[in-house]
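Everything below concerns the one structure shown next.
The values are calculated or read from the model by the stated rules, or taken from the named source; none is laboratory data. These numbers were taken from a predicted model, which means no experiment stands behind them. Every residue, glycine as well, gets a Cβ built from its backbone with ideal geometry; the counts of neighbours run over all protein chains shown.
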Amino acid sequence: MIRSTLIAMIAASTALTAVPALAQDWRAEMPVLRIGLLGGENEADRLRNNACMQEQLAERLGVPVELFPAPDYAGVIQGLVAGQLDYAGLGASAYAAIYLQDPEAVEPIFVASEADGTTGYIAVMYTRADSGITSLEDMQGKSLAYADPNSTSGFLVPQFELKQAGIDDATYFSETGFGGGHEQAVIAVLEGQYDAGVTWASGQGEESEGYTRGNLRSMINNGLLNMADLRIIWKSGTIPNGPYVVRKDMPAEARAIIEEWHETLLASDPACYQSVTAGEGQGFVRVDHAFYEGIVEMRRQAVASR
């Protein structure tokens, strides 16, 4: 009786001491969290804007966090598809590109909400304020800079909506090209390399202030843009905000920690939330693949028509 009781006590003690070891197993599987940063603004700004995320997630996860600022959207897309990245904030079209290559690669978990709590934004077409161009009609025979071939607001949606309006961008404009990112396209327009460009904005707040969130607002905040130098001449319909995604095979405990960070960031560190999400908003909102089915289909059609 005494012997069997002792054996039971030893077994119970072994089980208790094994719990921490089991809890640590996922860190052997994922010894570092690799975060992809989409192109769109210069590398130094991307690293600075996401430094708080890097620091906070490293502390919570107990593993190093590395940031990978890709020169364009394709770098992050391929990094996630290949399993070389674990987490990223994407545009809706970039997520669609991944899904069409490998539906099992990543899973959307959150989007950033806007100032009114909605989860959509817009694409805007802009020109230099002194260009004399005041409407889309004035753009006939002029040049247009898209941001990136994998950008939702910087290519997919503007091209789709123009086509829906009967405008073939290959013939309507004198030239179209890619600026190398949202920020770079704005600079190209300001420097006279293109007559107009397209980028993303929340569509909320004052246009003269670059709206509440988006590329224009970020450039203003970074001292790279005075909105008095630009004129908005076209706006798209509402686009679903891009997702924050994790790879589907991420360890469950690591994913839970990342999800909890999203859920509490606005309350715990509003400045970090605004830095990571490029402006004001009401926090992160949970989403899944269904939120992007329309964009996936739009992307599928665009690929098929090329």
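Asn150 meets the conditions (1) modelled with pLDDT of 95 or more; (2) buried (at least 22 other Cβ atoms within 10 Å of the Cβ) in every case but one. The failed one is (1).
Residue-by-condition table, conditions (1) closer than 30 Å to Leu265 by Cα; (2) basic (Lys, Arg); (3) more than 18 Å from the chain's Cα centre (by Cα):
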site	(1), (2), (3)
Asp130	no, no, yes
Ala165	no, no, yes
Asp169	no, no, yes
Ile187	no, no, yes
Leu190	no, no, yes
Thr199	yes, no, no
Glu206	yes, no, yes
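Quick one: in region 157-181, of everything that is part of a helix (DSSP H, G or I) and in contact (Cβ under 8 Å) with a residue 40 or more places away in the chain, which residue is surrounded by the fewest Cβ atoms within 10 Å (Cβ to Cβ)?
Glu161
For region 77-109, filtering for residues that are assigned to a strand (DSSP E or B), in contact with a Gly (Cβ under 9 Å, 6 or more places away or on another chain) and among the hydrophobic types (A, V, I, L, M, F, W, C) leaves 1. Listed by position, the helices (runs of 4 or more DSSP H) contained in region 190-306 that have at least 2 residues being surrounded by fewer than 19 Cβ atoms within 10 Å (Cβ to Cβ) and not assigned by TED's automatic domain parsing to the domain that holds Ser131 are 252-268, 270-277, 293-305.
State whether one or more residues within region 55-69 are aromatic (Phe, Trp, Tyr) and at pLDDT 95 or above. Within region 55-69 (the criterion being aromatic (Phe, Trp, Tyr) and at pLDDT 95 or above), the answer is yes, since at least one residue qualifies. Here Cys52 clears all of (1) of a type outside the set (Val, Ile, Thr); (2) part of a helix (DSSP H, G or I); (3) buried (at least 19 other Cβ atoms within 10 Å of the Cβ) except the condition numbered (3). Set side by side, the residues Ala82, Ala105, Ala51 differ, and just one is at pLDDT 95 or above, within 24 Å of Pro251 (Cα to Cα) and touching a helix residue (DSSP H, G or I) at 6+ places or on another chain (Cβ under 6 Å), which is Ala105.
Does Gly242 meet the test of being in contact with a helix residue (DSSP H, G or I) (Cβ under 6 Å, 6 or more places away or on another chain), more than 28 Å from Gln140 (Cα to Cα), among the small types (Gly, Ala, Ser) and in contact (Cβ under 8 Å) with a residue 60 or more places away in the chain? Yes, satisfied.
In region 192-211, the residues that are within 13 Å of Leu230 (Cβ to Cβ) reach residues that are basic (Lys, Arg) with C-beta atoms within less than 7 angstrom, at least six apart or across chains, in these pairs: Asp195/Lys142; Ala196/Lys142; Gly210/Arg217; Tyr211/Arg217.
Hey, can you tell me all the residues within region 77-97 that are buried (at least 21 other Cβ atoms within 10 Å of the Cβ) and either among the hydrophobic types (A, V, I, L, M, F, W, C) or not assigned by TED's automatic domain parsing to the domain that holds Val285 (or both)?
Hits for region 77-97 are Ile77, Leu80, Leu85, Ala88, Leu90, Ala92, Ala94, Ala96, Ala97.
Considering region 3-42, and only residues there that are among the charged types (D, E, K, R) and modelled with pLDDT under 90, the residue that is surrounded by the fewest Cβ atoms within 10 Å (Cβ to Cβ) turns out to be Arg3. Within region 91-119, no residue satisfies the criterion of being closer than 20 Å to Val32 by Cβ and touching a Pro at 6+ places or on another chain (Cβ under 6 Å).
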